[in-house]
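Below is one structure; the comments refer to it alone.
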């Protein structure tokens with residue numbers, strides 16, 4: 001069976017992970033949340049007391065980090081040095097650390113081959129910031145998913161609140177603007193649509209409508 005790779009890029013809080021999971025389940029692909037991989041590295045750095053922008057110290061710590069993706073009933077679990085840290089990765093503090101360390105060349109090189117190996121061996125839906133532009137430039141289907149910063153912050157605030165994580169909408173929105181600027185202005189693999197990506201803005205779409213739009217894009221691409 002032919003291996004198909006689908007790349008979904010976009011800013012934080014655009015709904016990439018939720019929609020990618022749903023599409024992966026519908027089409028029988030493996031879902032790969034690359035943001036969770038960087039968040040796992042960010043969590044390790046945070047726990048070590050290393051500054052999120054201390055590139056030398058972060059690079060020195062990389063040999064100590066073992067990040068593994070496991071799948072349980074279709075759900076991706078992140079295993080950091082043997083510990084399941086999946087539930088610890090979505091706090092605003094870890095988000096900032098993930099954004100900062102993901103701009104570091106050594107970190108990106110450290111994780112790049114893990115991502116490409118998965119895509120080489122399996123049909124995947126992989127979401128992140130630079131999947132269609134850098135990680136999987138030859139992906140058969142590329143989507144750039146976005147929404148307004150306020151809409152994305154509202155969605156993320158609801159998600160965090162439902163998980164029992166204490167924060168405020170204002171803090172989440174501030175984090176959103178920080179990450180947007182950081183991700184789009186970094187010198188290495190900045191957040192931007194691939195030239196051949198389908199651009200989708202879900203500011204005024206609910207989850208089901210967003211899913212219908214993306215599913216139609218995938219179906220039409222697969223039929224060609």
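Listing for the model above:
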item: Selected residue [modelled with pLDDT of 95 or more and either in contact with a helix residue (DSSP H, G or I) (Cβ under 6 Å, 6 or more places away or on another chain) or under 20 Å from residue 109 (Cα atoms) (or both)] from 46, 77; result: 46
item: Hits in the range 68-85 - residues which are more than 13 Å from the chain's Cα centre (by Cα) and either assigned to a strand (DSSP E or B) or surrounded by 15 or more Cβ atoms within 10 Å (Cβ to Cβ) (or both); result: 68, 69, 70, 71, 72, 75, 77, 79, 80, 83, 84, 85
item: Scope the range 118-156; condition more than 22 Å from residue 186 (Cα to Cα) and under 17 Å from the mean Cα position of the chain (by Cα); matching residues; result: 118, 119, 124, 125, 139, 141, 155, 156
item: Test for residue 127: is it surrounded by 20 or more Cβ atoms within 10 Å (Cβ to Cβ), touching a helix residue (DSSP H, G or I) at 6+ places or on another chain (Cβ under 7 Å), in a strand (DSSP E or B) and on the phi < 0 side of the Ramachandran plot; result: yes
item: Extreme residue, modelled with the lowest pLDDT, among residues of the range 13-35 that are buried (at least 24 other Cβ atoms within 10 Å of the Cβ) and assigned to a loop (DSSP other than H, G, I, E, B); result: 13
item: Enumeration of residues in the range 186-224 that are surrounded by fewer than 13 Cβ atoms within 10 Å (Cβ to Cβ), within 28 Å of residue 108 (Cα to Cα) and at pLDDT 90 or above; result: 195, 196, 199
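The values are calculated or read from the model by the stated rules, or taken from the named source; none is laboratory data. For clarity, every value in this text was computed on a predicted model and none was experimentally measured. FYI the Cβ positions are ideal-geometry reconstructions off the backbone, even for glycines, and counts take in every protein chain you see.
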